[in-house]
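What follows is a single structure, written as structure tokens, with notes after it.
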Amino acid sequence: MIVWWIVLALLALALVVVWARSRRRRARVVPEPERAPMPEVLVPRVAPRPELDDGPGLDRRLASSRTIFDRVRSITSQGALTADQLEVVEEVLLRSDVGVATTAALLDQLRAQGAPDGVASAIRAALLASLSAERTVRTTADEGRVAVWLFVGVNGVGKTTTIGKLAWHETQAGKSVVLAAGDTFRAAASDQLQLWADRTGADIVRAGEGADPGSVVHDALGRAQARGADLVLADTAGRRVNNANLLDELAKIRRVADRSPGQVVETFLVLDATTGQNALSQAQEFLSAADVTGIVLTKLDGTARGGIVVAIERELGIPVKFVGVGERAKDLVAFEPTAFVDSLLSA
């Protein structure tokens, strides 16, 4: 009997302990404050996502060349120029590879007429006058024939890459393009052109290393005619221009490309802007063999010798039609003289 009383006492004690702990826990609970009602719409309208731009402007892409002209832009005086100012202008023009002939002509003009609107304005007008050539790029052939763009230039100037980038531009414009891998003396050239064909959706005709380039171009023309293609872009070998065999070969390729069903509507000489005046000596050798109609100047963003554009047009009498100002396909752009000169001389 005593045992039962002890058990009941322990149970009662346990109940009291549980009840006391429960009261302490309830006493510590802090009531949650009332919250403001949530709005039905958190953001009334979604802000438009900002578009990515096409990269820096031409003045920033040509920053190295623009820096050369800093001293010219710093001459704020108008009217007659002092001997020291003329010396600065001469040094700037020569360092930018404008060329001796253009520099001399411009200095004579400044001595005779002064700079009534400022030195930068006078140089701008003179450079634009030197870049007044016609720059139309022909993309169509006579009826029943296939238009051909032929590309020539020494190894290393970016010729094959230029072809790939222009293929991208033309396919983006809705044209059907066939690439002719005519540089059969450099195996990597055909492989590189194949990558561009895959990237742009262009067709390609290629052959093994050492194959006859004329045959490659001939086969590309046949395929283009059979498939109704708009344009054939033909690569050529780029060994040193003092190799007589190469120049003979270029003349032969042009004859093949210009024979029905093909018609050469543009022959582009690709030059590397970073080589400056050396590019002019390269160009002279190609002119007679290839009947060049336009210049493609690559790597213009990587040199301070941007004035070479003026020297090329003045001394060769051939217009610069495309310039490379970056690595992307869209960075190979049609050359616009006003935009180019302003990128060098605008404040």
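Take the range 70-111 and flag every residue that is surrounded by fewer than 12 Cβ atoms within 10 Å (Cβ to Cβ), among the small types (Gly, Ala, Ser) and within 35 Å of the chain's Cα centre (by Cα).
Taking the range 70-111 first, the residues surrounded by fewer than 12 Cβ atoms within 10 Å (Cβ to Cβ) are 70, 74, 76, 79, 82-84, 108.
Filter once more, so that each one left must be among the small types (Gly, Ala, Ser): 74, 79, 83.
If the condition is that a residue be surrounded by fewer than 12 Cβ atoms within 10 Å (Cβ to Cβ), among the small types (Gly, Ala, Ser) and within 35 Å of the chain's Cα centre (by Cα), then 74 is the only one that fits.
Of (1) within 20 Å of residue 92 (Cβ to Cβ); (2) modelled with pLDDT under 90, residue 284 satisfies all except one. Which?
For residue 284, the failing item is (1).
Since residue 150 meets every condition but one in (1) in the same structural domain as residue 68 (by TED's automatic domain parsing); (2) surrounded by 15 or more Cβ atoms within 10 Å (Cβ to Cβ), which condition does it not meet?
(1)
Would a scan of the range 184-205 turn up a residue that is of a type in the set (Lys, Arg), in contact with a strand residue (DSSP E or B) (Cβ under 6 Å, 6 or more places away or on another chain), part of a loop (DSSP other than H, G, I, E, B) and in contact (Cβ under 8 Å) with a residue 40 or more places away in the chain? Reasoning before the result, please.
In the first step, residues of the range 184-205 are kept if they are of a type in the set (Lys, Arg); the result is 186, 199.
Still in the list and also in contact with a strand residue (DSSP E or B) (Cβ under 6 Å, 6 or more places away or on another chain): none.
No, the conditions are met nowhere in the range 184-205.
Tell me which residues, restricted to the range 150-179, are in contact with a helix residue (DSSP H, G or I) (Cβ under 6 Å, 6 or more places away or on another chain) and of a type in the set (S, T, N, Q).
The answer is 160, 171.
Which residue, of 304, 347, 273, 329, is within 22 Å of residue 133 (Cα to Cα), of a type in the set (Gly, Ala, Ser) and modelled with pLDDT under 95? Walk me through how you get there before you give the answer.
Working: 304 fails: within 22 Å of residue 133 (Cα to Cα); 347 fails: within 22 Å of residue 133 (Cα to Cα); 329 fails: within 22 Å of residue 133 (Cα to Cα).
Only one candidate passes the filter, namely 273.
Step by step: first the residues of the range 60-69, then only those that are of a type in the set (A, V, I, L, M) and buried (at least 16 other Cβ atoms within 10 Å of the Cβ), then the one that is nearest to the chain's Cα centre (by Cα). Which residue is that?
Taking the range 60-69 as the starting set, the residues that turn out to be of a type in the set (A, V, I, L, M) are 62-63, 68.
Restricting the remaining residues to those that are buried (at least 16 other Cβ atoms within 10 Å of the Cβ) gives 62, 68.
Details: 62: 12, 68: 22 Å.
Among them, the one singled out is 62.
Under the condition of being touching a Gly at 6+ places or on another chain (Cβ under 7 Å) and among the β-branched types (Val, Ile, Thr), which residue from the range 138-161 is farthest from residue 296 (Cα to Cα)? Spell out the reasoning first.
Narrowing the range 138-161 to residues touching a Gly at 6+ places or on another chain (Cβ under 7 Å): 145-146, 148, 153-155, 158-159.
Right, trim to among the β-branched types (Val, Ile, Thr) and you get 146, 148, 154.
On the way: 146: 22, 148: 16, 154: 13 Å.
Once the filter is applied, the top-ranked residue is 146.
Any idea which of 220, 226, 257 is touching a His at 6+ places or on another chain (Cβ under 9 Å) and within 21 Å of residue 167 (Cβ to Cβ)?
Values: 220 fails: touching a His at 6+ places or on another chain (Cβ under 9 Å); 226 fails: touching a His at 6+ places or on another chain (Cβ under 9 Å).
When all the criteria are applied, what remains is 257.
So how many residues does the range 302-347 have that are surrounded by fewer than 19 Cβ atoms within 10 Å (Cβ to Cβ), polar (S, T, N, Q) and part of a loop (DSSP other than H, G, I, E, B)?
Total meeting the criteria: 1.
Would you please name the residue that is nearest to residue 231 (Cα to Cα), looking only at residues in the range 189-213 that are surrounded by 15 or more Cβ atoms within 10 Å (Cβ to Cβ) and of a type in the set (Asp, Glu)?
Filtering the range 189-213 for residues surrounded by 15 or more Cβ atoms within 10 Å (Cβ to Cβ) gives 189-190, 192-194, 196-197, 200, 202-207, 211-213.
Next, from what is left, pick out any that are of a type in the set (Asp, Glu): 203, 212.
On the way: 203: 10, 212: 21 Å.
For the range 189-213, the residue satisfying everything is 203.
Just checking, how many residues over the range 260-270 are surrounded by fewer than 18 Cβ atoms within 10 Å (Cβ to Cβ) and at pLDDT 95 or above?
Taking the range 260-270 first, the residues surrounded by fewer than 18 Cβ atoms within 10 Å (Cβ to Cβ) are 260-261.
Still in the running and at pLDDT 95 or above: 261.
The number of residues fulfilling the criteria is 1.
On the given criteria, is residue 217 surrounded by 22 or more Cβ atoms within 10 Å (Cβ to Cβ), touching a strand residue (DSSP E or B) at 6+ places or on another chain (Cβ under 9 Å) and farther than 24 Å from residue 295 by Cα? Show your work before the answer.
Values: surrounded by 22 or more Cβ atoms within 10 Å (Cβ to Cβ): yes; touching a strand residue (DSSP E or B) at 6+ places or on another chain (Cβ under 9 Å): yes; farther than 24 Å from residue 295 by Cα: no.
When the stated conditions are applied, residue 217 does not pass them.
Mind listing whichever residues of the range 111-129 are farther than 19 Å from residue 68 by Cα and in contact (Cβ under 8 Å) with a residue 12 or more places away in the chain?
Initial filter on the range 111-129 (farther than 19 Å from residue 68 by Cα): 111-117, 129.
Within the range 111-129, 111, 114, 115, 116, 117 meet the criteria.
Take the residues in the range 291-301 that are under 16 Å from the mean Cα position of the chain (by Cα) and not in a strand (DSSP E or B); name whichever of them is surrounded by the most Cβ atoms within 10 Å (Cβ to Cβ). Full working, then the answer.
Restricting attention to the range 291-301, the residues satisfying the condition of being under 16 Å from the mean Cα position of the chain (by Cα) are 295-301.
Narrowing further to those that are not in a strand (DSSP E or B): 299-301.
On the way: 299: 18, 300: 27, 301: 22.
Once the filter is applied, the top-ranked residue is 300.
Tell me, yes or no, whether the range 136-157 has at least one residue that is within 21 Å of residue 308 (Cβ to Cβ), part of a helix (DSSP H, G or I) and not β-branched (Val, Ile, Thr).
As a first pass, look at the range 136-157 and keep what is within 21 Å of residue 308 (Cβ to Cβ): 137, 151-157.
Cutting the leftovers down to part of a helix (DSSP H, G or I) gives us none.
No; the residues of the range 136-157 include none that is within 21 Å of residue 308 (Cβ to Cβ), part of a helix (DSSP H, G or I) and not β-branched (Val, Ile, Thr).
Given the residues 292, 341, 325, 320, which is the only one that is on the phi < 0 side of the Ramachandran plot, in contact with a Ser or Thr (Cβ under 7 Å, 6 or more places away or on another chain) and in the same structural domain as residue 214 (by TED's automatic domain parsing)? Steps first, answer last, please.
Values: 341 fails: in contact with a Ser or Thr (Cβ under 7 Å, 6 or more places away or on another chain); 325 fails: in contact with a Ser or Thr (Cβ under 7 Å, 6 or more places away or on another chain); 320 fails: in contact with a Ser or Thr (Cβ under 7 Å, 6 or more places away or on another chain).
Step by step, each of 292, 341, 325, 320 is checked, and only 292 is on the phi < 0 side of the Ramachandran plot, in contact with a Ser or Thr (Cβ under 7 Å, 6 or more places away or on another chain) and in the same structural domain as residue 214 (by TED's automatic domain parsing).
Pick from the range 159-183 the residues that are in a helix (DSSP H, G or I) and charged (D, E, K, R): which of them is surrounded by the most Cβ atoms within 10 Å (Cβ to Cβ)? Even if it seems obvious, please write down each step before you answer.
Kept after step one, since they are in a helix (DSSP H, G or I), are these residues of the range 159-183: 159-172.
Now restrict to residues that are charged (D, E, K, R): 159, 165, 170.
Values: 159: 26, 165: 24, 170: 19.
Among residues in the range 159-183 that are in a helix (DSSP H, G or I) and charged (D, E, K, R), the one surrounded by the most Cβ atoms within 10 Å (Cβ to Cβ) is 159.
Could you list all residues from the range 216-243 that are at pLDDT below 95 and either assigned to a strand (DSSP E or B) or of a type in the set (S, T, N, Q) (or both)?
Correct list: 236, 242, 243.
The values are calculated or read from the model by the stated rules, or taken from the named source; none is laboratory data. Quick caveat, the model's predicted, so the values are computed rather than measured. Positions of Cβ are generated from backbone atoms using ideal geometry, with glycine treated the same way; all protein chains shown enter the neighbour counts.
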